[in-house]
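Structure, as C-alpha cells:
The values are calculated or read from the model by the stated rules, or taken from the named source; none is laboratory data. Every value quoted in this text rests on a predicted model; they were computed, and no experiment measured them. Cβ: placed from backbone, ideal geometry, glycine included. Neighbour counts: every protein chain shown. Accessible surface is based on the protein model in full, side chains and every heavy atom, while ligands, DNA and RNA are left aside. Shrake-Rupley method; radii C 1.70, N 1.55, O 1.52, S 1.80 Å.
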Amino acid sequence: MYNFFCKSVLSMINNIILRFYKSAKIIKSFQSMNKKKLFLLCLMSIFISGFLMAQNSQAPFKVVIDAGHGNQDPGCIGSTLKEKDVNLTMALKIGKLISDNCPNVQVIYTRKTDVFLELYRRAQIANTNHADLFISIHCNAAEDHSANGTETFVMGLAKSEANQAVARKENAAILKEKDYKNNYDGFNPDSPESNVVFSLYSSAYLNNSIILADKVQKNLINATHLNDRGVKQAGYWVLYKVAMPSILVELGFLSNLKDEAYIAQKENQDRIAQSIYNAFIDYYATVHKGQEAGQKVSLTPGVQPVVATPAPSTTTTPGGTTATPKADAPASKNAETTSEAKTEEQKAALETPKEPEIRFKVQFLASPEKLSLTEKRFNGIYNIGRFQENNFWKYTSGNETTLDAANQVLAEVKKIYPDAFVIAFQGDKKISVKEAQQLLKK
C-alpha cells in the first residue's frame, strides 16, 4: 500500500512537470516563480524514485523448500525410514540454515508438518509468492536393492528409461488426489502418452536450474559417502509448473541398506543439509555476479554407520504361536551367529577399500582455454564436466555407469556436437573404453 502511494505521488509530480514544460505560455508568464517550483518538484521526483529503487533492491530473494510427499503419501519406504519423514527433516534443516545465515533471503516451505499436499499446490505456492528458486527434496527407491547414490534433476524430457522411472514414481503422488484428472488436465503419470505434455516445457529457467543442480550435486558428493549419479533431466510435474529455476534432489536410495543407514544418522543429515546450503550460496554468487547471500558454513563431521541386518522373518503356526525359520538356527556350537559378530563383520566390510568406480562420459569439446560451464555454447548439454589433459581443457557430458547409458547421452550430444565420442574413467584416471568394459566384466 505504501509503495502504491509513493508511486501515485511520483506519477502526479511527473504529470505536473510535463504540463509545465508543454505549456510555453505558463512557463513564460511565471518564469521567475516557476523555476523554484520546478526545481523543488524535480528534487521530490528524484528523491521518491531513488527511495522506490532502494525499496525494490532490498526486496528479499525468495527460496521455496519443498519436502516431497506427506501424510497418507509416504513416498519410498525403507527398512526403518519413510521418505516423507526424511524429506521434511531435511527441508527444515536446509531452510533453517538459509534463514539463520542469509538476512536478505526469505524461505518459504510448501509444508512444515506431516500433511498431504497436492503437486499442483506446491507449484502454486512458489508461483503465488513470486519465488526466485524452487528446491524439492526427495529420496529414491528401486527394485534392484544394489542401486544407490544421490542424483539431482532438472526439468526436461527424460533421456533414459531409468530417469523416466524415477519421474513416474514422484509424479504418482497425483493419483492419491481426489480430483486429479481435473487438477492436471487429464494427465496420468502411468501413461507414456501423457508425458508428451512435457515437450511443451519452456526452457527459460533451464540454464540457472542446471547451474544450481550442478553445484548441489558436486557439494553433496564432495561432502558425503553417497555415490554420484549425476545431474539429469526428467519430466516432473512440480518442476514443469513452477515459473522459476528449480531442481529436485534425490538424496539416496531408501531401498539400499547402506544409503538408508547413512541417511538415518543425524550427523549425516546435518552434513547433507549444509552441503545443499553451501551450494545455494555458490549459486547466488554466480547468478548475482559475486554478491553474497550469506556466509558458507563448516561441515559437521559425518559418520559411516554400520548397516543393520534385517530381522529374520517369522511365520505364524496354526496354533497361533510365532516361529522363526529353522534356517536361522546355528549350524554348530562353534558358529559365530551373535549380533555382535555380525556387526563387526559388516563394519569391516564397510571399511574395506573399494576399487575406483568405472564411469563413462561423452567428450564433445577440447579447448586451450578454461571455459565457464555456463557459456551459451553449452546450452542443451547437461551434466557438464571438464578435465585437463595435454595442455587442453576437455569438456564432457554425462557420468554413466554403463556404456549403453553413455551411448544414449552420445546420441543427444551429437545433435549439437557431431564429433562427440565416449570416453571412460576409473576414479580420476582416464582409461580406454575397452579397458573399462573388461574391468566391468571382472
- Item | FRET E, pair Gln72, Gln124, Förster distance 22 Å, beta-carbon r, rounded to 0.05 | 0.65
- Does anything in region 92-115 have its amide N under 20 Å from the 7 Å Cα→Cβ label point of Val303, and if so which residues? 93
- Query: What is the extension gain from Glu375 to Asp428, computed as 0.36 nm multiplied by their sequence separation minus the C-alpha to C-alpha distance, in nm to one decimal?
  - Reply: 16.6 nm
- Protein-only accessible surface order, largest first, of Glu369, Glu260, Glu412, Glu143 at 1.4 Å: Glu143, Glu369, Glu412, Glu260
- Could you size up the charge dipole of region 376-437 around its Cα centre, putting +1 on the beta carbon of Lys and Arg and -1 on that of Asp and Glu, and report it in debye to the nearest 20? 260
- Query: Looking only at region 383-403, which residues have a backbone nitrogen under 20 Å from a spot 7 Å from the Cα of Ala366 in the C-beta direction?
  - Reply: 384-398
- Taking 0.36 nm per residue of separation and subtracting the Cα-Cα distance, what length does fully extending Asn207 through Asp100 add? 35.7 nm
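List the trypsin sites (Lys or Arg not before Pro) within region 360-423 that fall in a DSSP loop (any state other than H, G, I, E or B) and whose Cβ has at most 11 other Cβ atoms within 10 Å.
Those that pass, being in a loop and sparsely packed, are Lys370, Lys415.
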